[in-house]
Structure formats: structure tokens, C-alpha cells
Amino acid sequence: MSISIILANIVTMGKILIKNIKGLVQYGEDLPLVRRGAEMRTLPILENAFLALEDGFIVAYGSMDDWGGITDWRDLEVIDAEGKFVLPAFCDSHTHTVFAKSREEEFVDRINGLSYEEIALRGGGILNSARKLAEMTEDELFKLALRRIERMKSYGTGALEIKSGYGLSLDAELKMLRVIKRLKKESGLAIKATFLGAHAFPTQFKENHRGYIDLIINEMIPKIAEEELADFIDAFCERNYFSVDEMAEILEAGAKVGLRPKVHVNQFSILGGVKRAVEMNALSVDHLEELGEEDIEALKDSMCIPTILPSCSHFLSIPFGDARRMMDHNLPVALASDFNPGSTPSGNLQFVWSLACVKMKMTPEEALNALTINAAYAMDLSATHGTISVGKQTPILITKEIPNIAYIPYAFGDQHIERIIVQESSNI
Ligand code: NIG
Ligand code: FE
């Protein structure tokens, strides 16, 4: 494995020493798996620090006052980070990065008064994306997604989860998942694949839910297991989409072949999907724009992390997830982009950071925990990503010269990341 710095298309290989760092953020050993509740205000920052990387691994860090550890200066690239902060790259634990085309015509329809749900009921929305994806080759989809990932990376994303769910037929779902498998190999980032065949009922199954669920369980899941195309399984549990029982049946079939649930719940309505998903050992429950007491009760003392998607709330003008209430109940919170062509056409996690602070009243520290250590947990990458710890392989962000970390979400809409240092291998 080797290290590369992606900067204006220049790729540098070798050992790297970053020196004179104004603040080394989110560092430490023996850290918890997640930060929850009041602990989410904790954000370790080491001032005037160095960080050493070798063969894709973090090998040392500390204060510039005692950086005597470096003895071999051969093939060592030294980066001066004076005035700059260094942090672990963001993890984006919920995205739909593989899709065929953008949907700005629906955006205009919404400006003119239609709701997201009304557009979907007219055959737009997810079904619109599925029609477009059916016409596109695997190769075209791969190239488009890779370009999107490069862009996300430039904003600081160092690992991402990608869902299928714009296929909705055996062939097209497999096509999407094969594209994600290729992205795993060729993007240079750690990627997790989630099977989301239960994203919407295709038109021909509108009145025949049993038929589509049978297709998912008897044809899609076995083939996906055989080709090892997914890490997780998802379902969109919502009125007009999948009921709690339908979701549970599909998650159970996924669990039998080793796919852990990560689900869409409570975007528009509370159906009881949170509790059921937690009972089924879900790793995360995502969206939660709507949140009931029973949902909080279900999440307490569980290993399931609530994940909030503020860019989706912003774009659809729906409520923002109530992170404060979750933290008041000592829950951990993760933040993700939900990048997709319908509800969130942005994969910029710096913007998510800002929205979390401005609209959800998370402090900059809480929101950064939600984008790093907690987000790594939400996609099962705690061992390698989310914190700056010896032995981890997380990509590293170097900011521009900024006064402090709060400046990033404060000066919203700007690009504050100067460099992302990414290891070349993605075989995590
Ligand atoms: O997470 N809510 C379900 N799925 C996506 C949106 C899909 C789309 O509109 O294309 C979401 O918001
Ligand atoms: Fe989503």
C-alpha cells in the first residue's frame, strides 16, 4: 500500500511528515467507539503538532516540542501546515452516489408548489431515476459516480457508503451493485455497499407488493450474496413505500446472508420502523426528521446509531432532525449527506457541518464528532477511520489557514479544505 496526495492532480508517493500543525484534531488512543450525549462536546485538539504517515498508516503524532521519533529521513516528504488544522477525513455513511441523471425538473415543480410526495405519486421521484438508470450502461454509471466521488473527496469525504435502489429489477439492481464494487476497487476510498432494492415499488408491482417482495427475497438477495455485492441492507420504511412488516421481512432475508440493516425511517411519518429496526440489530436508522418518544426509547441502550441528513431537510424544506433531543437522552448522533438526485443533490459535508450548527443547534465540536468518529461507526469503519490514532488508515484533511475549527461551519459555502491525503488502496 502507498500514500498519495491528491492536489491539483499531482500525486506524490512516499512517507509523509506533516509539521507545524496549528491544531491536530480528533486524535488519541483507546477512544470510545462512539461519542454520545454530553461527550459529543469533547473534541481533542493538540496544538503545534506533527503527524507522520507511512504506507497508508498513521505511525506517529505528537507535539512539535518532542518530535524526536523520526530517525529515517530518506524518501520523506515534509509538509508544513503552519496556520492550518489537520483532521481525519469525514465519513459519509449514507449516500446514493450511483445514479444516471439529475432531476432539476422536479426541483422546479416543487418551487411551483408540488410536494416531494406528490411528485413521487405522479411517477416521478425514485421511479423517474429508475427509468433513467435502466437505459445506462455499467461503464457510464461508473464514470459518472467516480467523478462525483472525486468532488466529494475534494470537500473532505474520505470514506463513503453507497446504496443501490434506482434499479428496482434484478438486472438493474445487480448493475448498480457491480458499479459500486468497481468503485470500491478503483476510487481509492473505503466504500461500503448497501442493497436498497426496497426503495420503492416499481409501477408493475404497485398493486402487487407480495410479488416485488418475493422478487427481492427469492431472486435479488441470493444473487447478491453469491456475488458478494453488498455489506448492508436497507429499506425505505414510509407511507406509500414499505410498511414496517414489509421492511422487517426483507431485512430478515438479508440478515440470513449476513447483511446488517441500515434503514430509511421517519422521513415523513412515524410508523414504528425505528423500534423494529433496532430489534433487528440495525447498525443505523437514518433520516429521523420525525421523532417520537417511542423512537428514543427504542434507541436507548442499543448499538444502533441515529443518523441525520440535514442537506435533505434543507433541500426538501422538511423539518431538521432533532439532534439536541437525541443528545439530551445520551444518544450518539451521526451526520451524513444523503447525496442523491431527488432529495439531496449535494455531497458536500462541509455544508452538512454548517447546517447541523445553524439549523440543528449542534456545536461545531458535536457536529464534527458526528461526521468523523460516529459516522465511521455508522458504516462499520471504526477500526480504520474516524479518528487520528496510531495504526488507522483514514485519509487526512489539511485545512487552509483558518483561525479555529468553528470557522469551517461558520463561513458556510466556502471551501476550507486545502488537501486530502488518501491512501491508494481501498481494500478495507
Ligand atoms: O434518502 N427517501 C428515500 N430515498 C432518498 C431519496 C431518493 C430520491 O428522491 O431519489 C432519500 O432522501
Ligand atoms: Fe437516502
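The values are calculated or read from the model by the stated rules, or taken from the named source; none is laboratory data. Predicted model, so just to flag it, every value in this text is computed and none were measured. Counting neighbours? That spans all protein chains shown, and the Cβs are built from the backbone with ideal geometry, glycine included.
Quick one: in region 320-338, which of the residues that are within 16 Å of ligand 2 (Cβ to nearest atom) and in a loop (DSSP other than H, G, I, E, B) is surrounded by the fewest Cβ atoms within 10 Å (Cβ to Cβ)? Out of the qualifying residues, it is Phe320. Among the residues of region 309-354, just one is over 22 Å from Ile417 (Cα atoms), within 14 Å of ligand 1 (Cβ to nearest atom) and β-branched (Val, Ile, Thr), namely Ile318.
The number of residues in region 394-408 that are in contact (Cβ under 8 Å) with a residue 24 or more places away in the chain, outside any strand (DSSP E or B) and surrounded by fewer than 23 Cβ atoms within 10 Å (Cβ to Cβ) comes to 4. Among the residues of region 254-270, those that are surrounded by fewer than 19 Cβ atoms within 10 Å (Cβ to Cβ) and either without any contact (Cβ under 8 Å) to a residue 40 or more places away in the chain or assigned to a helix (DSSP H, G or I) (or both) comprise Ala255, Lys256, Val257, Gly258, Ser269, Ile270. Taking Ser164, is it away from ligand 2 (no atom under 16 Å from the Cβ), of a type in the set (Ser, Thr, Tyr) and under 24 Å from Leu335 (Cα atoms)? No; evaluated as a whole, the condition is false for this residue. Consider Ala60 carefully, then state whether it is touching a Gly at 6+ places or on another chain (Cβ under 9 Å), among the small types (Gly, Ala, Ser), away from ligand 2 (no atom under 16 Å from the Cβ) and within 22 Å of Pro364 (Cα to Cα). For Ala60, the condition - touching a Gly at 6+ places or on another chain (Cβ under 9 Å), among the small types (Gly, Ala, Ser), away from ligand 2 (no atom under 16 Å from the Cβ) and within 22 Å of Pro364 (Cα to Cα) - is not met.
Between Gly197, Gly211, the distinction of being under 20 Å from Glu138 (Cα atoms), at pLDDT 95 or above and not aliphatic (A, V, I, L, M) belongs to Gly197 only.
Conditions (1) among the aliphatic types (A, V, I, L, M); (2) outside any strand (DSSP E or B); (3) under 20 Å from Thr372 (Cα atoms), marked per residue:
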site	(1), (2), (3)
Leu31	yes, yes, yes
Ala38	yes, yes, yes
Leu43	yes, yes, yes
Asn48	no, no, no
Leu51	yes, no, yes
Ile58	yes, no, yes
Asp65	no, yes, no
